[in-house]
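J.: Right, I'll just put the structure down here and ask away after.
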Amino acid sequence: MARSFKLCLIMEDRRGGLFFKGIIERLKVEGKLPPNLIVSGVRKSEKCSPKLGRIVTACLTPLRPHQPPPLDRVIVIVDAEGGPVEGARIKTLEHIPSRFRDKVRIVVLEYCAEEWVCAGLGISFGNDPVRALKDHLRKERGAKADYHKFMLAGFVSKLNLVRLLSCRSFREFLKALQP
């Protein structure tokens, strides 16, 4: 049996954790990721915070000398919120200790996680995926229906993964998940 590949997800919003873990599980079930990939944890940290460096250090530092690190990789998922993607990446990288940069992957979403929901459902979102998703749900479910962040994970099973491949950040995420 192949050795497990353990990783931790770090993101700005804890509610997104269930969404990203759900996508990983779905990709494993569909055979697009190896079954030995294990998400050992989901942590919350802002992209521009010293806390990010402390979390990465804790995830990748062996408990005892001459032991392997507890995790093989850390994936940091940040929102560019419509700003420059590379700017968000550089700001995030500044908080990653240099000795761990080879084991950290930074995935920058152009706006937020809702852009993946919109792309996966075929919803055009312009520069506001949250508004587009709210409008879509109101049309689909009636005027009183609305979108709230806690609903994010509920969309995982409904997403068309082929459509999602049109998102640069989703392709980057897939690449980051490869052992």
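The values are calculated or read from the model by the stated rules, or taken from the named source; none is laboratory data. For clarity, every value in this text was computed on a predicted model and none was experimentally measured. In this analysis, Cβ positions are derived from the backbone assuming ideal geometry, glycine residues included, and neighbour counts consider all displayed protein chains. When the accessible area is computed, the model is the full protein with side chains, heavy atoms only, and any ligands, DNA or RNA have been set aside. Shrake-Rupley method; radii C 1.70, N 1.55, O 1.52, S 1.80 Å.
J.: If you keep only loop residues by DSSP, which trypsin sites (Lys or Arg not before Pro) in the stretch 22-106 have at most 13 other Cβ atoms within 10 Å of their Cβ?
T.: Qualifying residues, ordered by number: 32.
J.: Taking a probe of 1.4 Å, how large is the accessible area per residue of the chain, in Å²?
T.: Each residue of the chain exposes 53 Å² on average to a 1.4 Å probe.
J.: Calculated FRET efficiency, residue 134 and residue 158, Cβ-Cβ r, R0 25 Å, to nearest 0.05?
T.: Working: r = 16 Å, r/R0 = 0.65.
Here the calculated transfer efficiency is 0.95.
J.: Using the alpha carbons of the stretch 6-106, what is the convex hull volume per residue in cubic angstrom, as a whole number?
T.: Cα-based convex hull of the stretch 6-106, divided per residue, equals 108 Å³.
J.: Do the alpha carbons of any pairs in 21/139; 21/51; 91/175; 103/149 sit beyond 25 Å of each other, and which pairs?
T.: Violating the 25 Å limit, Cα to Cα: 21/139; 103/149.
J.: Quick one: check the C-alpha center-to-center distance for the stretch 1-38 versus the stretch 53-123, whole angstrom.
T.: 14 Å
J.: Taking only Cα atoms, what is the 0 to 90° angle, nearest 10, from helix 15-29's long axis to the longest principal axis of the chain?
T.: 80 degrees
J.: Quick check on the chain: helices-only [θ] at 222 nm, where DSSP H runs of length 4 and up contribute -39,500 (n - 2.57) each and the sum goes over total residues. Nearest 500, please.
T.: Calculated mean residue ellipticity at 222 nm is -11500 deg cm²/dmol.
J.: So, with a 1.4 angstrom probe, what is the percent of accessible area on the stretch 42-136 that is carbon and sulfur?
T.: Solvent-exposed carbon and sulfur of the stretch 42-136 make up 53 percent of the total.
J.: Zone of residue 151 (label point 7 Å along Cα→Cβ, backbone N under 18 Å): which residues in the stretch 93-113?
T.: 112-113
J.: Same structure, new question: Which net charge results for the neighbourhood of residue 113, defined as the other residues with beta-carbon distances under 10 angstrom from its beta-carbon, given Lys and Arg at +1 and Asp and Glu at -1?
T.: Neighbourhood net charge equals -3.
J.: I'd like the GluC sites (Glu not before Pro) in the stretch 32-139 restricted to DSSP loop residues with at most 16 other Cβ atoms within 10 Å, sorted by number.
T.: Details: sites: 46, 81, 86, 94, 110, 114, 115; in loops: 46, 81, 94, 110.
Loop-located and lightly packed - 46, 81, 94.
J.: Over the stretch 113-167, consider all pairs of different Cα atoms and compute the Kirkwood hydrodynamic radius from their mean reciprocal separation; express it in Å, one decimal.
T.: 11.2 Å
J.: I would also like to ask the following. If you split all Cα-Cα distances of the stretch 47-179 into 10 Å bins from zero, what percentages do you get per bin, shortest first?
T.: Result returned by the calculation: 12, 35, 29, 17, 6, 1, 0.
J.: DSSP loop (so not H, G, I, E, B), at most 11 other Cβ within 10 Å: list which trypsin sites (Lys or Arg not before Pro) in the stretch 108-166 pass both filters.
T.: For trypsin sites (Lys or Arg not before Pro) across the stretch 108-166 that sit outside H, G, I, E and B with at most 11 neighbouring Cβ atoms in 10 Å, the list reads 144.
J.: Roughly how big is the chain's charge dipole about its Cα centre, with Cβ charges of +1 (Lys, Arg) and -1 (Asp, Glu), in debye to the nearest 20?
T.: Dipole of the chain, to the nearest 20 debye: 540 debye.
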